[in-house]
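Reviewing the structure listed below.
The values are calculated or read from the model by the stated rules, or taken from the named source; none is laboratory data. Predicted, not measured: the structure shown is a model, and the values here were computed from it. Heads up, the Cβs are rebuilt from the backbone with ideal geometry, glycines too, and the neighbour counts pull from every protein chain shown.
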Amino acid sequence: MNAAAVTYWRLKLRALFWLLLGRQQAAVDAFGDMLQGWPDDAYALASRSHVLAQLGRRDAAIADARRLTELHPTRSAGDWFNLAFLLEAAGRNDEAEPAFRRAIALDPKLDRAWYGLGLVLIRQGRLDEAVDALRRNTELQPMSPYGWYQLARVHVDRQDDDEARKIIRHLEGFEPQVAAQLQRETGLKP
């Protein structure tokens, strides 16, 4: 192993050590040291972005996630999802939408990306498109109540109470508390 590789692994192990001890800022600094030597390193960018997000430093986390997806656009659907998630959490829906769509293009079965896309489309008032995204999410994750809940809410917003009632009936079979919550919020009975 050459000297550069030894240095890289030493820095990586240092970052992991700090993470094990719960010293997130020290880990961020170690990932920063890695990026000084290897500025395009996908592992260091993804890791630092993740830790920065945990520290509540969203803008810095977004910057690393954006750099990661620019440098390595086909590496992982998860990279695009993480960027989209951070953007959506920051209320930057117009930027989050194409990132969610890119994640889906790389992995059409990434249910979290379909759900995130659905939420962004709801916030943009694009309810018909949100229905399509949330339906895909529920196909991929049929036992998760989150997609079903949002889908029912969109149907109510579109004044399609019959579809919302069908979802409430469906939820009663495996998530009765969520079904009851929807009934309280919408006034609809299955």
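Things worth noting here:
- The stretch 37-70: number of residues that are under 12 Å from Ala90 (Cβ atoms) and part of a loop (DSSP other than H, G, I, E, B): 2
Matching residues to (1) without any contact (Cβ under 8 Å) to a residue 40 or more places away in the chain; (2) hydrophobic (A, V, I, L, M, F, W, C); (3) closer than 20 Å to Ala27 by Cα; (4) surrounded by 16 or more Cβ atoms within 10 Å (Cβ to Cβ):
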{"position": "Leu52", "(1), (2), (3), (4)": "yes, yes, yes, yes"}
{"position": "Ala84", "(1), (2), (3), (4)": "yes, yes, no, yes"}
{"position": "Glu88", "(1), (2), (3), (4)": "yes, no, no, yes"}
{"position": "Ala99", "(1), (2), (3), (4)": "yes, yes, no, yes"}
{"position": "Lys109", "(1), (2), (3), (4)": "yes, no, no, no"}
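- Test: residue in the stretch 69-78 that is farther than 29 Å from Leu19 by Cα, among the polar types (S, T, N, Q) and at pLDDT 95 or above: no
- Pro73, sole failed condition from (1) surrounded by 16 or more Cβ atoms within 10 Å (Cβ to Cβ); (2) outside any helix (DSSP H, G or I): (1)
- Residue among Gln177, Gln141, Gln159, Gln124 that is buried (at least 16 other Cβ atoms within 10 Å of the Cβ) and modelled with pLDDT of 95 or more: Gln141
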